[in-house]
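Trainee: I have a structure I would like to understand better, so I am pasting it below and will then ask my questions one at a time.
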């Protein structure tokens, strides 16, 4: 079974600075998808960024980018120019790329605080 | 209403009560999910419904009973719960079948359940 590990329960960053959240995963599959979800204090979880394992290019979405290291099974999230609104729980998630309705496997999350 | 809505947002119940959580999605999706989110633990997938049929039941105790009357609505019926069932219960939806695993799940705001 696949597992996702987020080794940083809490992180903090100064406003306008850059922070990197770590995620590692374990799988025997070669094709899969990785996601970062954000859960603000209001609790509605939203997708931040996704990465297809077959793509070597790291995904970027505005101030959010990932460092995907397939061989190392690492998928870190970098937030540049941090803003107060970035404060939230961040969850790394994995999904198999098979054609069935395979579920997401989540890590325990990292709580990010942004200091003004 | 847009996205995924959940009611109630907060629920306090005794161990002998019977209550239901409701989820409604306005995205035209045909797969819906119940997750349990406890402190310091990964999100736990409880149930998956695709095309209104239950396709996954992750060894959830029978005191949790899901119901999916149509593709837009999902219920979680609760009875004789235990204090350890206190958690945030999240509903999500997505489109199934998927041509790829990149389709994201859209989450509701959750119901904060406290069992006394």
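Trainee: Can you compute the FRET efficiency between residue A:18 and residue B:16 using 1/(1 + (r/R0)^6), with r the Cβ-Cβ distance and R0 = 35 Å? Round to the nearest 0.05.
Mentor: It comes to 0.10.
Trainee: In the range A:47-83, which residues have a backbone nitrogen under 12 Å from the label point lying 7 Å from residue B:27's Cα in the Cα-to-Cβ direction?
Mentor: Only A:47-48 fall inside the zone, counting backbone N under 12 Å.
Trainee: Another question about this same structure. Counting only C-alpha contacts under 8 Å and six or more residues apart, can you give the relative contact order of chain A as a whole percent?
Mentor: Once normalised by length, the contact order is 37 percent.
Trainee: For each of B:16, B:114, count neighbouring Cβ atoms within 10 Å of the residue's Cβ, then give the residues from fewest to most.
Mentor: Fewest to most other Cβ atoms nearby, the residues stand as B:16, B:114.
Trainee: Report, for chain B, the % of DSSP beta bridges that are antiparallel, rounded to 5.
Mentor: Of all bridge pairs located within chain B, approximately 90 percent are antiparallel.
Trainee: Ignore the peptide's own chain and count Cβ atoms of other chains within 10 Å of each Cβ in B:34-47; give me the average, rounded.
Mentor: Per residue, the number of nearby Cβ atoms from other chains is 3 on average.
Trainee: Which order do A:66, B:60, B:55 fall in if you start with the one that has the fewest other Cβ atoms within 10 Å?
Mentor: Ascending Cβ contact count within 10 Å gives the list B:55, B:60, A:66.
Trainee: Continuing with this model, one more query. For chain B, what's the relative contact order in percent, using C-alpha pairs closer than 8 Å and at least 6 residues apart?
Mentor: Reported as a whole number, the value is 36 percent.
Trainee: Between residue A:61 and residue A:31, what is the label-point separation in nm under the 7 Å Cα-to-beta-carbon projection?
Mentor: Roughly 2.3 nm, to one decimal.
Rule-based calculations on the coordinates, nothing more; no lab input. Bear in mind that the values here come from a model prediction, so they are computed numbers and not experimental data. In this analysis, Cβ positions are derived from the backbone assuming ideal geometry, glycine residues included, and neighbour counts consider all displayed protein chains.
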